[in-house]
1. List the residue pairs whose Cβ atoms are under 6 Å apart, where the first residue sits in the range 133-151 and is over 11 Å from Gln96 (Cα atoms) and assigned by TED's automatic domain parsing to the domain that holds Leu100, the second is more than 7 Å from the ligand (Cβ to nearest atom) and part of a loop (DSSP other than H, G, I, E, B), and the two are 6 or more positions apart or on different chains.
2. Name the single residue that is nearest to the ligand (Cβ to nearest atom) among those in the range 127-152 being surrounded by 18 or more Cβ atoms within 10 Å (Cβ to Cβ) and aliphatic (A, V, I, L, M).
3. Does Glu122 count as within 16 Å of the ligand (Cβ to nearest atom), surrounded by fewer than 15 Cβ atoms within 10 Å (Cβ to Cβ), at pLDDT below 95 and not in a helix (DSSP H, G or I)?
4. Of all residues in the range 179-231, count the ones that are part of a loop (DSSP other than H, G, I, E, B), within 27 Å of Thr102 (Cβ to Cβ) and of a type in the set (Asp, Glu).
5. Scanning for something outside any helix (DSSP H, G or I), exposed (fewer than 14 other Cβ atoms within 10 Å of the Cβ) and touching a residue at least 40 places away in the same chain (Cβ under 8 Å), does the range 36-52 turn up at least one residue?
6. Do we have any residue at all in the range 58-79 that's of a type in the set (A, V, I, L, M, F, W, C), under 21 Å from Pro163 (Cα atoms) and touching a helix residue (DSSP H, G or I) at 6+ places or on another chain (Cβ under 8 Å)?
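The values are calculated or read from the model by the stated rules, or taken from the named source; none is laboratory data. Here the structure is a predicted model, which is why all the values come from computation and not from measurement. For neighbour counting, all protein chains shown are included, and Cβ atoms are generated from backbone atoms with ideal geometry for every residue, glycine included.
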Amino acid sequence: MRVDVVTIFPGMFDAILGESMMKRAQENGHLSLGLWDLRDYTHDSHRSVDDRPYGGGPGMVMKPQPLFDAVEDIKQKTSEGPSGQLKSQTILLSPQGEKLTTSLAQELAVQEQLIMVCGHYEGVDERVRTELIDRSVSIGDYVLTGGELPAMVLIDALMRYVPGVLGHEKATEEESFAQGMLEYPHYTRPQDFKGMQVPQVLLSGDHEEIARWRKEQAYLRTKKLRPDLLS
Ligand code: 9D3
């Protein structure tokens, strides 16, 4: 899949570009990430992307023109030969969006192209939301300074569901066991660390007994820390 991000801070995405899974996915061609600087689509000397709200009030609003021009330019420049434009959805990262979940990540991961628009200031002009944006996504109920970190979170979360990216490693593991529960406790060597012991059952070699213990631990931990997941 292609992900194209419209942002006033393209440099922030260096944080994920060179790293591990992201890098691998880009190298093997399953994912390609494009960064588009919104200020490149302004025409004034200050390269301004925001303006004062009609009707008054505090804060600034993102102007429609640079956003419309950026998304149009991306669609045109990323279209593939005679087959034309990619099947794409334009996503606004916004505190007012639907909350990111596994099922949303899975839905988005099967698109050919996602165009992610990172919001700033009080938000975007409403005509952007209604005419340009297919879906708005929030990563949770806390206030951040803009849509860049949420876009990175969304990319990271959906990457594992892009067909081919994970070579089956994690996906099968997640399906098989304790779906919708927290994980059981993990231990590695040494057996005795500063007097703290690894539970005997894990050293027993009895795999049925170990599976039973892990299931019970996962359940107890979920009941204690995330009872909402059990109902
Ligand atoms: C202080 C301004 N707020 C008034 C109640 C509204 C507001 C506008 C823009 C709050 C935060 C932001 C910037 N955040 C995002 O663009 C954002 C976000 C977030 O803040 N939390 C969780 N998910 C997301 S997705 C985009």
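1. Glu148/Phe9
2. Within the range 127-152, the match that is nearest to the ligand (Cβ to nearest atom) is Ile139.
3. Spelling it out, Glu122 is indeed within 16 Å of the ligand (Cβ to nearest atom), surrounded by fewer than 15 Cβ atoms within 10 Å (Cβ to Cβ), at pLDDT below 95 and not in a helix (DSSP H, G or I).
4. Total meeting the criteria: 1.
5. No, that holds for no residue.
6. For the range 58-79, residues of a type in the set (A, V, I, L, M, F, W, C), under 21 Å from Pro163 (Cα atoms) and touching a helix residue (DSSP H, G or I) at 6+ places or on another chain (Cβ under 8 Å): absent.
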